Protein chains: 2
Amino acid sequence: MAKIPYRLYLPEDKIPTQWYNLRADMKDLPDPMLNPQTFKPATEEDLYPVFCKALAHQEMDDTTRYIDIPEGIREMYKLFRPSPLVRAYNLEKELGTPAKIYYKFEGNNTSGSHKLNSAIAQAYYAKEQGLTNLTTETGAGQWGTALAEACSYFHIPLTVYMVKASYLQKPFRQAIIRTFGGKVIASPSDTTEAGRKILAADPENSGSLGTAISEAVETAVTTEGCRYVLGSVLNQVLLHQSVIGLESKAAMEMLDEYPDVVVGCAGGGSNLGGLIAPFMQDKLLGKANPRFVAVEPASCPSLTRGKYAYDFCDTGKITPLAKMYTLGCSFKPSPNHAGGLRYHGMSPILSKLYHDGYMEAMSVEQTKVFEAATMFARVETILPAPESAHAIYGAIEEAKKCKETGEAKTILFGLTGTGYFDMTAYTSFMDGTMSDYIPTDEDLQVGFDKLPKIPGIQE
Amino acid sequence: MAKIPYRLYLPEDKIPTQWYNLRADMKDLPDPMLNPQTFKPATEEDLYPVFCKALAHQEMDDTTRYIDIPEGIREMYKLFRPSPLVRAYNLEKELGTPAKIYYKFEGNNTSGSHKLNSAIAQAYYAKEQGLTNLTTETGAGQWGTALAEACSYFHIPLTVYMVKASYLQKPFRQAIIRTFGGKVIASPSDTTEAGRKILAADPENSGSLGTAISEAVETAVTTEGCRYVLGSVLNQVLLHQSVIGLESKAAMEMLDEYPDVVVGCAGGGSNLGGLIAPFMQDKLLGKANPRFVAVEPASCPSLTRGKYAYDFCDTGKITPLAKMYTLGCSFKPSPNHAGGLRYHGMSPILSKLYHDGYMEAMSVEQTKVFEAATMFARVETILPAPESAHAIYGAIEEAKKCKETGEAKTILFGLTGTGYFDMTAYTSFMDGTMSDYIPTDEDLQVGFDKLPKIPGIQE
């Protein structure tokens, strides 16, 4: 009999009641967002047309270390949280590794991923402010589903701009969003200036996250009582997602464990930033020295091959500029890229930490990702989302190193969600029709050449 | 703040280590299964060609009240059990009912349903006996997925005969089964006598559960080291599924609660029989007097409109005969029936209890089921399987009665699984293209006329 349980759910008195704001402990803060008109540092007020006030405040707050999670948010968290910390006994056995592998499983909710943690917060604050509409974009559909659930719970109408390629390939994702009362529009669409412009130039345009963001933001700023919400990249999102790391750390403390290495998949950084937050605090404060590994797709390698530069968060160039690792806001991953993690940039917080040497990054081809996913599913019985499987791959690599060295390291990784809506990709992997794509340096240079020129800051 | 938590996970020391065998407490037992050749009561040995020995024994055992759950099974249960008992605060609020509504949520595993509870047991015993192959059938795909997970865990090759209509409509279900290493064959197929016979008469035959069972059983009895496993109806399945009711009862005891009424969806009876088992024990022993309500589809109304008679468990008439409520083994629900719960018969245990007045039953049209499902999803944030939504409908009806009478009854229902693979049906509901079908008495008479004639027993 195993002494440590497979799954640990925190008891009620250990469930976090505050989020942790990593920036409060960063001696060197990320460079400020810039107003896209003036190129001056954006103020909280600059953000009011786009975000509701409480969220604009959280976006700019780099001093408050702990922020109370409002009662209304904690009530909805209780519908699916705490999420379990799982000891991957079967995976350890399969690998024959002396390492102890833990994962924080965020997939046990209908949205199927960790995205719900921030969706609830953003819908709640919008409702508090008396807003009557929200807009957002979604790519693979996890974020759109999560936000539709949250908006349905708080009774706020939601419009989701869904990347057209996904809209067509994933009709079931649309259907779930609609079941929760959300309105879904394929992007690019004729409902916005940004969309019409793109369609005029290319009527067959299949969309991108950057374009969908442009459309959602435009609709938000031109509609009375409406704001925009985003599921990743932003400081506020990492703040909300810190609940993942806080719960993980509390659970590991109950087991008398502490990770030697924390592994997460990296797209815009929402899960990774949330998972590592309290452990990174220990590192920043010199209390512990864990390693952090970001795992990203080889076909969308913002950390490992991007530039650390100011860039727009959207393709239409209407959002503020952020200093981040980016492939250029016009970058689109190859159509053969199956999973999520397809955003051109990376959370400014994570970009800064990576730039300053607090975090490592690696990239992996998708066939290797699905190999890890399938192996994991068979031994741990959870069908992972392709996104999450990047972290599985990274954790397996760490566990294999332990096998070589004989070290019994403690590995923690984030299992962000489930793959029920990704069976087309699983099928192409099983049928041997999945291929890998790694952009050439020349491919990437196209995006870098279009990075914005900012007088005195970025020439 | 709510005093009772939304979700209660049993602590480790309260997790059941034994299954409960309801038949040990039934004064009037179900009539015995009959050997299909001799029409004599089937013996344990008669079942050996079809089921592995331990399961054949469980099938016939009507005296052992509690049966130890082997360590190997409990180890795999730990990967997803205990499942939570949830207080449906939001549903109560939405309905404005004084009733307290609880549900046992069995969907938090990759198979997406309670089916995994019995799949693990059946794969385990097959492995113990040294079997080298298993066969089964699947309709909607929940059972096939569950068994593929279990077989992958215990390293036993699996062949799944999947009803052809589902095979074509649900390619993602196939893909999951394949991801877990299962082989999927569309039924009727040319791999069996039974399949070839049906295809010769009707090459376009889209299959039925009964036909898929015939094919799976035939393959099992004609292949060395191979046995057949079934996900519902059988006594052994209800035994394994008693873990649902045992956990529910233990959790309710922790909350100082006891259900006035227990509601479950009813197809073959696997969930309903497991959920009610320990509460039915109390009723049989005179310790308590809860009501039990089975909710079945109006398009496949075995309990509410079927005959209590001996019938074959499969369309090909090669299985033993069981005394049960049945629509006739040739019955196929209308093609417009979207969800599962499409088996022609009902668990002999539940049939007997219903016949003897220990249980009630109701039927419901599918548009009403999806209405309840959508409402539930929006307030409780879980997207239910259409099967499970029958129980939701039944629970809501009970809660509405409480609203009328002002009684604060305690309602427990089984939320058996999630609907991620049923989005086609949800979409047709939202688009208004879903219709209801209630068979006429004449429709049903066709099946009744074909019930087997058994000299001296059923003329």
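Just so you know, all these numbers are worked out from the coordinates, no wet-lab data involved. Just so it is clear, the model here is predicted, and its values are computed rather than measured. Glycine gets a Cβ as well: all are built from the backbone with ideal geometry, and neighbour counts include every protein chain shown.
Some values worked out for this structure:
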read-out: 0 to 90° range, to nearest 10: angle between helix A:270-284 axis and chain A longest Cα axis; value: 60
read-out: Label spacing, shortest first and in nm, from B:Asp190 to its equivalents in the remaining copies (7 angstrom along Cα→Cβ); value: 5.0
read-out: The range A:337-354 - phi-based ³J(HN,Hα) in whole Hz, Karplus 6.51/-1.76/1.60, Gly and Pro as x; value: 6, 8, x, x, 6, 10, 7, 6, x, 8, 2, x, 4, 5, 4, 5, 5, 5
read-out: Average Cα contact separation per residue, the range B:326-459, under 8 Å, 6 or more apart, as relative contact order %; value: 30
read-out: Folded to 0 to 90 degrees: helix A:209-222 orientation relative to chain A principal axis, Cα; value: 50
read-out: The range B:221-292: trypsin sites (Lys or Arg not before Pro) falling in loop per DSSP and having at most 14 other Cβ within 10 Å; value: B:Lys287
read-out: DSSP-loop GluC sites (Glu not before Pro) across the range A:208-251, with at most 14 other Cβ within 10 angstrom; value: A:Glu224
read-out: Inter-chain Cβ neighbour average for residues A:174-183, partner chain, 10 Å; value: 5
read-out: Shortest-first distances to equivalent copies, position B:Asp436, nm, label 7 Å out along Cβ; value: 5.6
read-out: Charge dipole (debye, nearest 20) of the range A:187-258; +1 at Cβ of Lys and Arg, -1 at Cβ of Asp and Glu; value: 200
read-out: The range A:1-94, relative contact order [Cα under 8 Å, separation at least 6], %; value: 48
read-out: Interchain or long-range residues, amide H under 5 Å from B:Ser187's placed H; value: B:Met162, B:Val163, B:Lys164
read-out: Dipole in debye (nearest 20) - the range A:1-142, about Cα centre, beta carbon charges: Lys, Arg +1; Asp, Glu -1; value: 800
read-out: Two-site FRET efficiency, B:Thr440 against A:Asp282, from Cβ-Cβ distance with R₀ of 56 Å, rounded to 0.05; value: 0.20
read-out: Computed FRET value (nearest 0.05) for B:Thr223 with B:Lys53, which takes r as the C-beta separation and R₀ as 22 Å; value: 0.80
read-out: Estimated FRET transfer efficiency (B:Lys400, A:Lys183; beta-carbon r; R0 22 Å; 0.05); value: 0.15
read-out: Derived scalar couplings ³J(HN,Hα) [the range A:134-147; Karplus, 6.51 cos²θ - 1.76 cosθ + 1.60; whole Hz; x for Gly, Pro]; value: 10, 10, 7, 10, 8, x, 5, x, 4, 5, x, 5, 4, 5
read-out: Cα-based equivalent ellipsoid, the protein assembly as shown: semi-axes from gyration tensor eigenvalues, Å; value: 49, 28, 27
read-out: Size of electric dipole in the range B:218-374: Cβ of Lys, Arg +1 and of Asp, Glu -1, about Cα centre, debye, nearest 20; value: 480
read-out: Links that overshoot a 22 Å alpha carbon limit, given the list A:Lys170/B:Lys368; A:Lys170/A:Lys317; A:Lys115/A:Lys317; A:Lys323/A:Lys401; A:Lys78/B:Lys283; B:Lys104/B:Lys400; value: A:Lys170/B:Lys368; A:Lys170/A:Lys317; A:Lys115/A:Lys317; A:Lys323/A:Lys401; A:Lys78/B:Lys283
read-out: Mean separation of Cα contacts under 8 Å (6+ apart) over length of chain B, as relative contact order %; value: 19
read-out: Dipole of the protein assembly as shown [Lys/Arg +1, Asp/Glu -1 at C-beta], most positive-end residue of A:Thr135, B:Ser111, B:Ser189; value: B:Ser111
